[in-house]
Amino acid sequence: MSANVDLNNRPDYDPVLQDIADYVLDYVIDSQEALDTARNCLMDTLGCGLLALRFPECTKHLGPIVEGTVVPFGARVPGTNYRLDPVKAAWDIGCIVRWLDYNDTWLAAEWGHPSDNLGGILAVADHLSQKRVANGEAPLTMGDVLRAMVMAHEIQGVMALENSFNRVGLDHVLLVKVASTAVCAKLMGANREQLLAALSHAFVDGQALRTYRHAPNAGSRKSWAAGDASSRGVRLADIALRGEMGIPGVLTAPQWGFYDVLFSHTNKDLALKPEAQRCFSLPQKYTSYVMENVLFKISFPAEFHAQTACEAAVTLHPLVRNRLPEIDRIVITTHESAIRIISKVGPLANAADRDHCLQYMTAVPLAFGTLVAEHYEDDFHAAHPIIDQLRGKMEIVEDPRYTREYLEADKRSIANAVQVFFKDGSSTEQVAVEYPIGHRRRRAEGIPLLEDKFKANLATRFTAQRSTQIFQLCKAPARLEATPVHRFVDLLVI
C-alpha cells in the first residue's frame, strides 16, 4: 500500500471518552458527604449569581438574543424574569455564577471552578422538568441536579489532577465544556453512543486560549467564559441527541487529534518529538472525590490562590492601618502557581485585572481590613492611591514547601504568608495561612459562614420572606432532593 494513502479503518472511541460516558451512565452517587457538599455548593453558587446581578457590566450580557422571544417551557435565570432556551439560559446562569470570581474552586495541575457547570445543569433540568409535567410525566428533581453536580465536579476535577492545560496555553473552561456536555447529555436522555458523540465534539471544538486571564490582556471575558463553555456543552448534547455522528479518535488521531494539535508540548520551551504523543494522565477512577474536597470561596471574591494572603492581610490590618506611610516593604511568601497566575506589577486596567492580581488583593485588606467586589471597581481604585503605593512595596517570594504541598493529595494547601517591614527597622510578625477557610480541613468553621454568605446574597434580590423560604428549603436535604426542579426555580425568579 502506498505510504501516501490514509488507512480508513474507523477506530473505536478513545478510552478517555468511554470512561467518562460509563461513569455518567452507570455510577451511583451514594456518598452522603458528597451530596451534603453539593447542597452547600448549590447555595453558594446561586448566591454568587444573585450578587453579580448588582453589576451592570454583568447584566448587559443577559437575556434573549432576540428581544421579545417567547420560549415554551423556557429555562429561567435566577434573580431575573428571563425565560430562555436552555442554551442561552445556561450561558446566562454560568455568566452570573462566575462574574465575581466568588464560587467554588478546584486546584491541581489545572485549576478551575466546577460549579460553573451549574449553568448547563440547571437550565436543562428546569426546561425538562416543565416539559415533562406538561406531558404528564414525572419531573426532574433537585436530587437529580445535585447528583449531576457531583458528576460534573468529578469529571472536571479528576481531569485536572495531573493535566495542566494552562501550560499549553489553553483555558480551564475546556473542562467545563466537557463536564457539562457529559452530564447534560445524560439529563437529556442520551444513550451511550449519543453521549460519546457529544463528548467527542467537545474535544474537537476549538478551545479557549488563556490570553484573557493574564497580563497584559486580562479582561472581563474571564467572567463569562465558563458560561459560554457550559452552554456549549448543552448545545453539543442537543446536536448528538439529534443523531449527529461522533469523532471516535478525536484525542488520539495522529496529526489531526487533540493530543497532537493542542496537547503535544508541556510549555512553550519544551516541545516533544513529533512521534512522541502526549496523552492525558488520569490517576484515579471517577467517584465523588472532587465534590467532597472542593474549595469554597467564603470570605473574599478573589482568585483562589490569593485567598490565604487576604486572610493574612486582614489579620495584619489592625497593626498597620495607622502606619501605612511608614511601610518600607511587604513580603508575600507564596507558591509557584500563584506567582505564575496572579503576580503582576504595573498598571491594572480594569476590575478583571485587579481581581487576578495577588498584590492588589493583599493591599486592599491590609489598608481597609476587608475585600469585597466593589473594591475592584475603577472608582474605588482611583479614589485610593494607597493601594498602588502598597503594591509598589511588595516583594514576592516562593516557598518550595508551599509549592510542594499545594500538589500533595493529602494536603492540597494554598499557602500564603505576609509580613510588613517599616522604615524604622521594626516589623510585624509573619502571618502565615496555609489552608483557607473554604478548605475541607476547615469545613466545620466554614459552612456556617457559607450559609451567612448565602443569606446575605439572597437579601440582595428577594424579600425577607422569600429569602427565608429558599434558605430553609436548601437546609432540608430530603425535602430539597424531592422538590421538582421547576418548583425550586419558581422561588428564584423575580
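The values are calculated or read from the model by the stated rules, or taken from the named source; none is laboratory data. This structure is a prediction, so every number in the text was calculated from the model and none was measured. All Cβ positions, even for glycine, are placed from backbone atoms using ideal geometry, and neighbour counts span all protein chains on display. Surface areas here come from the heavy atoms of the whole protein model, side chains and all, with no ligands, DNA or RNA. Shrake-Rupley method; radii C 1.70, N 1.55, O 1.52, S 1.80 Å.
Data table
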{"quantity": "Options 141, 211, 181: the member that is open to solvent by 50 Å² or more (accessible area, probe 1.4 Å) and of a type in the set (Val, Ile, Thr)", "calculated": "211"}
{"quantity": "Near pairs, Cβ below 7 angstrom, 6+ apart or cross-chain, from the range 431-445 (in contact (Cβ under 8 Å) with a residue 12 or more places away in the chain) to any residue that is aromatic (Phe, Trp, Tyr) and open to solvent by 40 Å² or more (accessible area, probe 1.4 Å)", "calculated": "none"}
{"quantity": "Residue 435 open to solvent by less than 50 Å² (accessible area, probe 1.4 Å), modelled with pLDDT under 95, within 20 Å of residue 356 (Cα to Cα) and not aliphatic (A, V, I, L, M)", "calculated": "no"}
{"quantity": "Top-ranked residue of the range 328-362 - restricted to ones that are surrounded by fewer than 19 Cβ atoms within 10 Å (Cβ to Cβ) and farther than 25 Å from residue 378 by Cβ, ranked as farthest from the chain's Cα centre (by Cα)", "calculated": "328"}
{"quantity": "Residue satisfying condition, being modelled with pLDDT of 95 or more, touching an Asp or Glu at 6+ places or on another chain (Cβ under 7 Å) and within 24 Å of residue 292 (Cβ to Cβ), within set 160, 182, 225", "calculated": "160"}
{"quantity": "Flag if residue 297 is within 29 Å of residue 149 (Cβ to Cβ), open to solvent by less than 10 Å² (accessible area, probe 1.4 Å) and among the basic types (Lys, Arg)", "calculated": "yes"}
{"quantity": "Among residues of the range 396-430, those that are of a type in the set (A, V, I, L, M) and open to solvent by 60 Å² or more (accessible area, probe 1.4 Å), counted", "calculated": "3"}
{"quantity": "In the range 78-103, the residues that are of a type in the set (Val, Ile, Thr) and over 18 Å from the mean Cα position of the chain (by Cα)", "calculated": "80, 87"}
{"quantity": "The one condition in (1) more than 28 Å from residue 95 (Cα to Cα); (2) touching a residue at least 24 places away in the same chain (Cβ under 8 Å) that residue 325 fails to fulfil", "calculated": "(2)"}
